[in-house]
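*Asks:* Can you read through this structure? Questions will come right after.
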Amino acid sequence: MSRDPSVTSDLVRDFVAQKRLALAGASRSGKKFGNVILRELKERGYDVVPVHPVAVELEGLACARSLAAIEGGVDGLVVVTPPVEAARLVAEAAAAGVRRVWLQQGAGSDEAVRIARQNGLSLVHGHCLLMFLTGVSGFHRFHRGLWRLLGKLPVEAARA
């Protein structure tokens with residue numbers, strides 16, 4: 001699954017503007033990239049609900065077993081799972097009324113994209129969410145700066 005060239009700055013801006021997000025793909029060990037994204041979202045003031053089939057809590061946040069089990073719903077879903085799980089999660093998002101999905105680099109699959117499009121979901125895939133959050137550090141800060149220089153970062157994100 002490659003980077004989606006059709007992703008517009010409007011889709012990215014709309015997704016990161018949401019303040020209540022679900023995240024699938026963080027682990028109990030705390031060593032997965034999903035945990036990194038979960039921590040970064042939490043540090044930036046997002047109300048994040050980790051979705052995990054068995055964990056009660058991740059990174060100090062109460063987990064939901066499914067998207068449908070999240071009280072009050074969420075504005076978007078970040079998927080940081082192996083591609084084989086992505087299609088199920090996208091279908092679950094559509095069924096739960098979640099209209100925005102971000103398939104993190106490496107999490108997407110052709111089937112997940114097809115399901116999102118069939119259900120009219122706003123979809124970003126093939127991009128790293130951390131590239132579009134304000135105040136990122138380390139590698140993502142360097143990468144963000146490089147993209148800004150090359151003109152690949154949406155104007156709104158480059159100003160943030």
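*Asks:* Go through region 85-102 and count every residue that is part of a loop (DSSP other than H, G, I, E, B) and in contact (Cβ under 8 Å) with a residue 40 or more places away in the chain.
*Replies:* At the first step, the residues of region 85-102 found to be part of a loop (DSSP other than H, G, I, E, B) are 97-99.
From the residues that got through so far, the ones that are in contact (Cβ under 8 Å) with a residue 40 or more places away in the chain too are 98.
Qualifying residue count, region 85-102: 1.
*Asks:* Sticking with this one: So, of the residues in region 103-127 that are part of a loop (DSSP other than H, G, I, E, B) and at pLDDT below 95, which turns out to be surrounded by the most Cβ atoms within 10 Å (Cβ to Cβ)?
*Replies:* The first filter runs over region 103-127 and keeps only residues part of a loop (DSSP other than H, G, I, E, B), leaving 105-109, 119-121.
Narrowing the set further to residues that are at pLDDT below 95 leaves 105-109.
Working: 105: 17, 106: 15, 107: 25, 108: 27, 109: 19.
Among those that are part of a loop (DSSP other than H, G, I, E, B) and at pLDDT below 95, it is 108.
*Asks:* Moving on. Please enumerate the residues belonging to region 47-66 that are under 16 Å from residue 133 (Cα atoms) and more than 12 Å from the chain's Cα centre (by Cα).
*Replies:* Keep residues of region 47-66 that are under 16 Å from residue 133 (Cα atoms), which gives 47-48.
47, the sole residue that qualifies.
The values are calculated or read from the model by the stated rules, or taken from the named source; none is laboratory data. Because the structure is predicted, anything quoted here is derived from the model rather than measured. Counting neighbours? That spans all protein chains shown, and the Cβs are built from the backbone with ideal geometry, glycine included.
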